[in-house]
């Protein structure tokens with residue numbers, strides 16, 4: 001494996017900031033299986049964290065003393081985000097305070113400590129429109145929403161702290177992860193929302209004509225890519241973590257229908273101005289430096305997602321569960 005030829009960065013513990021989310025739950029369990037000392041942090045403890053993990057709860061903005069102490073000699077996976085992709089800006093100021101200002105306080109608190117940061121950024125929302133596809137890490141960045149701008153701003157601050165203080169960090173620009181523990185009600189996760197709608201027999205509202213293209217990455221491949229970067233990624237570098245293969249919304253609906261043997265009812269509505277028409281990330285850098293390659297086909301990942309959803313999500317009582325509500329897919 002290519003990664004075996006590189007110097008590994010190894011800390012005695014892995015701290016996951018935002019461990020209660022979709023990626024965090026899967027990452028915590030993947031690290032625990034590989035005998036890492038795992039510390040999970042979020043506002044509330046999750047019953048889905050591994051039993052052997054240490055749980056720390058509190059507000060991210062409060063810099064809990066117990067959490068700050070746990071960051072010594074740690075690999076820190078930064079998954080916290082208070083916002084999601086949207087064309088709205090009403091909460092932009094709050095997003096900057098919650099995400100940018102607070103992260104800077106953590107960077108200040110850890111700048112003299114032996115830590116490695118793995119910052120999970122965004123893919124398509126950071127690059128924006130009018131970039132070559134597949135998009136390499138060197139492409140221009142022109143975010144079209146506050147979410148992407150916040151992620152890019154944090155990337156720049158990590159780079160500044162490396163230049164001024166030698167902060168060790170790696171940025172992972174993740175495309176569109178999907179799979180178990182992705183809540184279909186939260187407004188993120190096209191595949192989660194489509195699978196949920198297919199299983200529950202609901203109509204999907206699609207922004208635009210359905211020809212917007214994205215690349216989708218199954219969660220097991222995603223967390224493996226993140227762990228490889230945390231261990232072998234070159235300090236100060238940015239890496240795309242993606243399938244490298246584009247699929248339109250219309251194609252995705254067809255694939256889900258055929259894979260699950262179910263019909264998906266659709267209704268097309270006006271497109272959003274913030275939507276990027278096509279976003280496919282180039283995974284060549286990660287593959288060349290670490291030998292990482294996705295292993296799950298889209299059809300297989302969809303099937304596994306549906307199997308999990310059948311057992312874990314209420315598909316019958318729309319409006320009476322936390323998973324219910326109208327979904328629009330862009």
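At-a-glance table
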item: Considering residues of the stretch 107-136 that are more than 16 Å from residue 175 (Cβ to Cβ), without any contact (Cβ under 8 Å) to a residue 60 or more places away in the chain and surrounded by 17 or more Cβ atoms within 10 Å (Cβ to Cβ) only, the residue nearest to the chain's Cα centre (by Cα); result: 117
item: Tally, over the stretch 263-287, of residues that are part of a loop (DSSP other than H, G, I, E, B), in contact with a helix residue (DSSP H, G or I) (Cβ under 9 Å, 6 or more places away or on another chain) and at pLDDT 95 or above; result: 2
item: Test for residue 90: is it crowded, with 16+ Cβ neighbours inside 10 Å and either within 30 Å of residue 273 (Cα to Cα) or in the same structural domain as residue 227 (by TED's automatic domain parsing) (or both); result: no
item: Identity of the residue in the stretch 296-315, out of contact with any strand residue (DSSP E or B) (no Cβ under 8 Å at 6 or more places or on another chain) and assigned to a loop (DSSP other than H, G, I, E, B), that ends up nearest to residue 184 (Cα to Cα); result: 313
item: Which numbered condition residue 251 misses (of (1) assigned to a helix (DSSP H, G or I); (2) over 19 Å from residue 281 (Cα atoms)); result: (2)
item: Of all residues making up the stretch 196-227, the number that are within 23 Å of residue 81 (Cβ to Cβ) and assigned to a helix (DSSP H, G or I); result: 10
item: Residue within the stretch 248-255 that is surrounded by fewer than 20 Cβ atoms within 10 Å (Cβ to Cβ) and either touching a helix residue (DSSP H, G or I) at 6+ places or on another chain (Cβ under 7 Å) or assigned by TED's automatic domain parsing to the domain that holds residue 224 (or both) present; result: yes
item: Any hit, the stretch 22-31, residues being under 19 Å from residue 181 (Cα atoms), surrounded by fewer than 17 Cβ atoms within 10 Å (Cβ to Cβ) and in contact (Cβ under 8 Å) with a residue 24 or more places away in the chain; result: no
item: Of the criteria (1) part of a helix (DSSP H, G or I); (2) over 24 Å from residue 154 (Cα atoms); (3) touching a helix residue (DSSP H, G or I) at 6+ places or on another chain (Cβ under 6 Å), which one residue 31 fails; result: (3)
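The values are calculated or read from the model by the stated rules, or taken from the named source; none is laboratory data. What you are looking at is a predicted structure, and each value in this text was computed from that prediction instead of being measured. Counting neighbours? That spans all protein chains shown, and the Cβs are built from the backbone with ideal geometry, glycine included.
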